[in-house]
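Comments concern the structure below.
Readers should treat all values here as calculations from the given coordinates under stated rules, not as data from a laboratory. What you see is a predicted model, and the numbers here were worked out from it, not measured in a lab. Here the Cβ positions follow ideal geometry from the backbone for every residue, glycine too, while neighbour counts run over all protein chains shown.
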């Protein structure tokens, strides 16, 4: 691997761990090849600003081309990326298609629901062997998306309110929830947690799964979640850990190699480690009682709960 | 050749025959012949039933033993007992609870339940009802063939068990499952008719308002609509096809099947002896095996597999001739008796290890003589059939609808019971996390659990059937060697007993 031997490069290499540099460079080169291949295939005219950026990338690219075999792989990835992204635009990927591009979310769902069920039943002293243990509980699903979490919660007996900032998601969620009489009672609103606090709504349980890494100010978000929960209520948050393994799996593997998520869905810098999250929650007066790791086993294709929440593995 | 040799190693599984024709098929045939006189009543029924269309969580099409086992196990699990279930079967015995009289001669349709199935029945609380009626445990078994070159005796104590299985009449099993369900306050509705058509509504919703004062029908999004032969319709979130080998659900849902029919028919009947019989006997004849199973009270059940032409001859011949033919087939007919203990008494490895199987020392015995024919003779064609998929959106197959096997090892209905309990467990797990029970991903979990086990058993049974239907010198010697191997090599015998009892999932290496 040929790191450009400029003074900037040397400073950078002292400040940041070398693995991170390599990873960043891989990302840039991949993106550069991507751009070049796209431009070549589409035959577009390059904008002047683009040309400047393009020449910077060309320098990186040139330095990497001297690496032997991996170049071919990157070219293949870039071309495959383009082909698949055009395929994505053609068939509108529907969030409720269990075999479609949202398949990992559907596979993940039963495991995280099992965790929610056991912790909420313990917290609210409900019978876990009952078919509808959440009868009488008001739950809000923050960032509900297409309603993949809200519908099972409603089937478990809860009165569910689903909120999302994107209007399209709310529309999809409403249409799908109408199909089953048990889920047609879900209330969907296109709003944010902060706006709900202004409306002075309160819920027994507030669930915000995979939301906090997309929010601009996590501590304000946690304060809104705390305001939405009644005293002695429950808040459930899940997010991706800021670890090397998470970078390799959630960003490189999920976005670039396997195309489970569109590129740019996650920013590694906005991930939170468990310690940081606990601190933020405590400042928002939420007492943290249980934590669990959530790992994917690629051999069986299933998610499982584990005790593995350390930030430094990789 | 290798395949033949590996099949030879499994040669002596149970020589138990099973007669597990579900109630559906026979009763449907009887009912259709009797319904012709009732045509005038049907239009009246139709008028009364189209106004209210009920929605159920689960619709079990086929109320035979396997369908009832599913309903019973749903009724007894805390997570699923609140589901509303519709059972669609035109058998009149489901509606009325006719008590089985003890003095009645045993019915010819019996099944052998393995210890694994017995424990499943005990879990749902249905076994206590079976024990109130005629049932026969047996702990010994003898298998040999017509060449007289070898035999195998199995004893339950070889594998540290009490029994090898229990022979129970089908109607007793069915009744006990019904009684067990009656005990709980499970919401089930029995529809005494047959399924005519089934449609799966697509995800586009539609609102219908009933113009008469009835309630407004909410959107019937993705549910299955079933139409019955008496004009009723109902909606269900999950349709379970438990309607036997000629499954209508399988046909309507478009599942493709693989299989072939064995050119054999099975003749079954009940016979009586002079003495009590506590052992199961199976002899492989050139045309197919004949099995004698103890039913208690000096009765036994005979299942004789033979070519279709012979089966019609045997069905129509008079009783005395039939009894003579049975005795001949079990005794000296077609070939000599095997010699006991070819290499002297005892396990040839007894000097190597301490654990000697009890049955390795047992001599060959001749089965008890049949004295009288007690029931009528019935003939059923035999085939192998396997549905390529067990589940699709909102539809799942269990029991004979999913897999039909040869009765030579008494495994058919036991596979069906295993399916029913596995499905009820998977449904309970789905409800625990709030899944829609008709979701394909949930049903595929059931399929992934049961399909490999079913396919393995079917392959083993089909292998036996093919191995025993050929009369070829070297093959006969191989079969004899396999008999001896199973008789004297205790680990093999133990693993055969465990596999056939349903305790282990793979025939070997488990």
(request) Quote to one decimal, in nm, the extra length available between residue A:195 and residue A:300 on full extension: 0.36 nm per residue of separation minus the C-alpha distance between them. (result) 33.7 nm
(request) Name the shape class, rounded, prolate or oblate, that the alpha-carbon gyration tensor gives for the stretch A:103-306, where a ≥ b ≥ c are the square roots of its eigenvalues, rounded holds for a/c under 1.5, and otherwise prolate holds if a/b is larger than b/c and oblate otherwise. (result) rounded
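Note the full-extension length gain between residue B:331 and residue B:469 as 0.36 nm times their separation in residues minus their Cα-Cα distance, in nm to one decimal. Present the calculation step by step, with values, prior to reporting the outcome.
Numbers: separation 138, 0.36 × 138 = 49.68 nm, distance 1.95 nm.
So the chain would gain 47.7 nm between residue B:331 and residue B:469.
Based on other C-beta atoms within 10 Å, arrange B:181, A:244 from fewest to most.
The most exposed by this proxy come first: A:244, B:181.
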(request) Would you calculate the volume per residue, in Å³, of the smallest convex hull containing every Cα atom of the stretch B:423-510? (result) 116 Å³
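Across peptide B:429-440, how many C-beta atoms of other chains are within 10 Å of each residue C-beta, on average? Don't skip to the answer; put the middle values down first.
On the way: counts 2, 3, 5, 12, 13, 21, 6, 7, 1, 1, 2, 2.
Across B:429-440, the average partner-chain Cβ count within 10 Å equals 6.
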(message) Can you give the FRET efficiency to the nearest 0.05 for residue B:278 and residue B:393, using r as the Cβ-Cβ distance and R₀ = 51 Å?
(response) 0.55
(request) Between residue B:233 and residue B:261, with labels modelled 7 Å along Cα→Cβ, what's the label distance in nm to one decimal, could you check? (result) 3.5 nm
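Quote the relative contact order of the stretch A:103-306 in percent (integer), defining contacts as alpha-carbon pairs under 8 Å separated by 6+ residues. Numbers along the way, then the final one.
Working: 309 pairs, mean separation 33.8, N = 204.
With pairs under 8 Å counted, the relative contact order is 17 percent.
Counting other C-beta atoms within 10 Å, which of B:240, B:172, A:23, A:140 has the fewest, and how do the rest follow? Present the calculation step by step, with values, prior to reporting the outcome.
Numbers: B:240 32, B:172 21, A:23 17, A:140 28.
Listed from fewest to most nearby Cβ atoms, that is A:23, B:172, A:140, B:240.
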(request) With no solvent and one equal point scatterer per Cα, compute the Debye intensity ratio I(q)/I(0) for the stretch A:98-184 at 0.18, 0.19, 0.22, 0.24 Å⁻¹ and report its log10, rounded to two decimals. (result) -0.81, -0.90, -1.15, -1.29
(message) Could you tell me the extents of the stretch B:383-451's C-alpha atoms along the three principal axes, largest first, rounded to whole Å?
(response) 42, 19, 14
(request) Only residues of the stretch B:55-83 count here: report those whose backbone N is under 14 Å from the spot 7 Å along Cα→Cβ of residue B:185, or say none. (result) B:81-83
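I'd like the mean, over residues of A:178-188, of how many other protein chain beta carbons sit within 10 Å of each residue's own Cβ. Intermediate results must be reported in sequence, preceding the final value.
On the way: counts 6, 11, 8, 6, 3, 3, 4, 0, 0, 0, 0.
Average neighbour count from other chains, rounded to a whole number: 4.
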(request) Compute the Cα gyration tensor for the stretch A:216-313, then decide on rounded, prolate or oblate, letting a ≥ b ≥ c be the square roots of its eigenvalues: rounded whenever a/c is under 1.5, prolate when a/b is larger than b/c in the other cases, and oblate in all that remain. (result) prolate
(message) I want to check the label-to-label distance for residue B:448 and residue B:157. Put each point 7 Å from Cα in the C-beta direction and report it in nm to one decimal.
(response) 4.5 nm
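Give me A:260, B:144 ranked fewest to most by other Cβ atoms within 10 Å of their Cβ, as a rough exposure proxy. Don't skip to the end; give the middle numbers.
Numbers: A:260 15, B:144 24.
The fewest-first ordering by Cβ neighbours comes to A:260, B:144.
Let me check against my output: what whole-number percent is the relative contact order of the stretch B:57-166, with C-alpha pairs under 8 Å and at least 6 apart? Walk me through the numbers before you get to the answer.
Numbers: 94 pairs, mean separation 24.1, N = 110.
So the answer I get is 22 percent.
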